[in-house]
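The values are calculated or read from the model by the stated rules, or taken from the named source; none is laboratory data. Model, not experiment: these values are computed from the prediction. Every residue, glycine among them, receives a Cβ derived from its backbone with ideal geometry; neighbour counts consider all protein chains shown. SASA here: full protein model, heavy atoms, side chains in, ligands and nucleic acids out. Shrake-Rupley method; radii C 1.70, N 1.55, O 1.52, S 1.80 Å.
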Amino acid sequence: MKRISIFVSGNGTNLQRIAEYFANNPDVEIVNVVCNNPKAYAIERAKSLGIPVRMVTKAEFNSPEFTQEMAESRLDLVVLAGFLWKIPVSLIQAYPHHIVNIHPALLPKYGGKGFYGEHVHEAVVAAKEAFSGITIHFVDEIYDNGETILQAYIPVSEKETPDSLAAKIHQLEQAYFPVTIEQLLFRR
Ligand code: GAR
């Protein structure tokens, strides 16, 4: 049995898709959803999906006790699915190369602090980029910096708006994130 924990801060569309993708796989268990935002719609999604939700405050999240709790959960993968806090070094060291993040742009462009969700798409459209896409990467001590696992590209049209681009990027995320997680879980 492969055990994963999914960290969320917002809407939770990726959480939903990942949970549905693995729903009929008896070898994968989503142990819990860790959430830092009491207003996140992802909480409702997790409840409907029957996944336990672990709410965290910032102090708790950065405490040695939280890392300990996660380490004791014996996870095969920690999945950041729209999670907006920096991961404490202690947690990265507990799960080296076993924490993955999805970013809605082609890193290293449009990454780093402040670049999340719609802010990324606004910046890409304003810069008239010809392409955007997604980056799935391992998490290391530096924000949006870890080794790239996969990038997928789409063209940005001249009429693109941040909203239309966001919709296209979400489709890419839905197509690639669950299958990439599966490959990481069952790599040899
Ligand atoms: C996703 O587009 C994800 O790539 C992005 O947040 C969104 C969450 O959507 N992550 C970042 O910007 C991380 N820097 P969701 O809550 O509907 O899955």
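Observations, loosely collected:
- Filtering the range 149-167 to residues that are more than 29 Å from Leu77 (Cα to Cα) and out of contact with any strand residue (DSSP E or B) (no Cβ under 7 Å at 6 or more places or on another chain) leaves Ser157, Glu158, Lys159, Glu160, Thr161, Pro162, Asp163, Ser164.
- In the range 112-149, the residues that are away from the ligand (no atom under 11 Å from the Cβ), closer than 20 Å to Ile92 by Cα and not charged (D, E, K, R): Phe138, Ile142, Asn145, Gly146, Thr148, Ile149
- Hits in the range 50-65 (condition: more than 19 Å from the chain's Cα centre (by Cα) and open to solvent by less than 70 Å² (accessible area, probe 1.4 Å)): Gly50, Glu60, Ser63
- Among the conditions (1) closer than 24 Å to Phe66 by Cα; (2) touching a strand residue (DSSP E or B) at 6+ places or on another chain (Cβ under 6 Å); (3) not acidic (Asp, Glu), Val89 misses just one, which is (2).
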